[in-house]
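A.B. asks: Would you mind keeping the following structure in view while I ask a few things?
The values are calculated or read from the model by the stated rules, or taken from the named source; none is laboratory data. Owing to the predicted nature of the structure, the values given are computational and were not obtained by experimental measurement. FYI the Cβ positions are ideal-geometry reconstructions off the backbone, even for glycines, and counts take in every protein chain you see.
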Amino acid sequence: MAESQRLHQERTRLFLAHESQRPKPGSFIQTYLAEDPVPVRQRDGSVKAFLNQCRHRGMRICRTDADTSKTFTCTCHGWAYDLAGALINVPLEETAHRNEIDKSQWGALKVPRIANYRGFHFGIWSQETPEFEDYLGDMAFSFNAVVDRFDGGLELAPGTTKWVIDCNWEFAAEQFASDMYHAPVSHAAAMMALTDDPNVSGSNTQPGVQGRQFGENGHGSGGFFQPESVIKAP
């Protein structure tokens, strides 16, 4: 991992999962925070996340994208971890390890800080960055405007779609954070599927398409304003 990428991931609050993805104790979703942590709903309702890696030989302890479980077990040597990532069982502990393993010191590496902001869980490895709302800054206004639109809150649709992008991570970050200039060309098919109005679909030279881009404190987003009358009904 390049040094600049490692520092960015250690110091940046990254989205882990939405609370609707883990509705009950033991439910988990495997996601990424620089490497590969697993956020799990605890029995007390809280959420913890830990690195998906056995402390013995580095094998994965979770091989499922999402499910419900009581434990996580490495398929190499059978070391088992509880919902919080604590090591709870070592096969042949007496004969193979002479009872010399201090289980309290060999739990999965835990994500030290997880913020729950309006049902969205964000994790970070660093202990030195500001609290989440300070980190979000003025971007909170735009974030809240999106997620507070519905009285009943939000629920993420089940299922997972993943892409592997062979590029510098900054390229993808720029696309999602601010570059609306590419959308009418790169995503022309999607825009055409949303409307029958030729002034809205097609290339970025079409008239009548307006939008806004905004950024605060290193955060960014943007979008187009589409008249309700031109969007196709489901």
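Conditions (1) assigned by TED's automatic domain parsing to the domain that holds VAL111; (2) at positive phi; (3) at pLDDT below 80, marked per residue:
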position	(1), (2), (3)
LEU136	yes, no, no
ALA157	no, no, no
TRP163	no, no, yes
PHE176	no, no, yes
ASP196	no, no, yes
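A.B. asks: Then there is this: Starting from the stretch 63-91, take each residue that is closer than 15 Å to VAL47 by Cα and list its partners that are among the aliphatic types (A, V, I, L, M) and in a loop (DSSP other than H, G, I, E, B), counting only C-beta distances under 6 angstrom and pairs at least six apart or across chains.
C.D. replies: Correct list of pairs: GLY85/ALA108.
A.B. asks: Is there any pair with a first residue in the stretch 140-153 that is in the same structural domain as PHE122 (by TED's automatic domain parsing) and a second that is part of a helix (DSSP H, G or I) and at pLDDT 85 or above whose Cβ atoms are under 7 Å apart and which are 6 or more apart or on different chains, and what are they?
C.D. replies: Going by the 7 Å Cβ cut-off, the qualifying pairs are ALA140/GLU133; PHE143/LEU136.
A.B. asks: OK, next. So, TRP125, is that one touching a strand residue (DSSP E or B) at 6+ places or on another chain (Cβ under 9 Å) and at pLDDT 95 or above or not?
C.D. replies: So TRP125 fails the test.
A.B. asks: What are the residue pairs meeting all of these: first residue in the stretch 114-125, first residue buried (at least 21 other Cβ atoms within 10 Å of the Cβ), second residue modelled with pLDDT under 95 and hydroxyl-bearing (Ser, Thr, Tyr), Cβ atoms under 8 Å, and 6 or more apart or on different chains?
C.D. replies: Correct list of pairs: ILE124/THR12.
A.B. asks: Still on this structure: Out of everything in the stretch 145-172 that is over 18 Å from the mean Cα position of the chain (by Cα) and surrounded by 12 or more Cβ atoms within 10 Å (Cβ to Cβ), what residue ends up being nearest to PHE120 (Cα to Cα)?
C.D. replies: Out of the qualifying residues, it is GLY153.
A.B. asks: Further question on the same structure: Go through the stretch 157-190 and give me each residue that's aromatic (Phe, Trp, Tyr) and in a loop (DSSP other than H, G, I, E, B).
C.D. replies: TRP163, the sole residue that qualifies.
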